[in-house]
Every structure is written in C-alpha cells, then in structure tokens.
Amino acid sequence: MRIHIALDECEAHGMCALHEPDLYELDDDGYAADADFPVPQGMEAAARNGASRCPMSAIKVVED
Ligand code: SF4
C-alpha cells in the first residue's frame with residue numbers, strides 16, 4: 001500500500017498529520033511533506049483515516 005498526495009491540491013489544512021501524526025508529515029509551512037510514500041505494515045487503517053480527513057481530498061491510498 002502507498003500514499004499519493006497531490007501536493008498542488010494541498011492547502012495546508014494539516015488534518016492528515018493532526019489525526020495520524022505517525023504517518024503523515026508536514027513541511028515547515030504546514031503543507032504535506034511527501035507526495036508519495038509507502039504505508040508501513042500495520043498502519044493501513046491509519047493511512048485510510050488520514051486520507052479521509054483531508055478537506056481537499058488530496059490524499060489517495062493506493063493498494064499495491
Ligand atoms: S489534510 Fe490535505 S490539505 Fe491538509 S495538509 Fe494534509 S494533504 Fe494537505
């Protein structure tokens with residue numbers, strides 16, 4: 001499983017990192033830090049939860 005974040009759609013609301021800080025990271029300006037990263041085993045539910053919190057629907061959880 002991977003996470004894809006459309007950085008051009010991110011508006012720095014920070015909801016992903018607020019709800020799932022162990023998975024989602026923000027840069028110094030509050031925008032999502034990474035556009036594409038793997039989901040560690042056991043964090044699949046956290047990945048989906050964080051994605052569902054994004055008010056811009058910028059986060060996609062992609063099954064391998
Ligand atoms: S919740 Fe969405 S808009 Fe907010 S920082 Fe995360 S990716 Fe960006």
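Bear in mind that the values in this text are calculations on the coordinates, not laboratory data. Predicted model only: the values in this text are computed from it and were never measured. Note: ideal-geometry Cβ built from the backbone for every residue, glycine included; neighbour counts use all protein chains shown.
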In square nanometres, what is one fourth of the surface area of the convex hull spanned by the alpha carbons of the chain?
-> 3.7 nm²
Hz values of 3J(HN,Hα) by residue in the stretch 30-38 - Karplus curve (6.51, -1.76, 1.60), Gly and Pro given as x | x, 8, 3, 7, 10, 7, 7, 7, x
Search the structure for amide H atoms under 5 Å from the amide H of A32, placed 1.01 Å from N in the peptide plane, and list their residues when 5 or more places away or on another chain.
-> A12, D27
Over the stretch 2-62, calculate the relative contact order: mean separation of alpha carbon pairs under 8 Å at least 6 apart, over the residue count, as a percent.
-> 48 percent
Tally Lys/Arg at +1 and Asp/Glu at -1 over every other residue whose Cβ is under 15 Å from the Cβ of D22; what's the total?
-> -2
Out of the chain, which GluC sites (Glu not before Pro) are coil in DSSP terms and have no more than 14 other C-beta atoms within 10 Å?
-> E9, E11, E25, E63
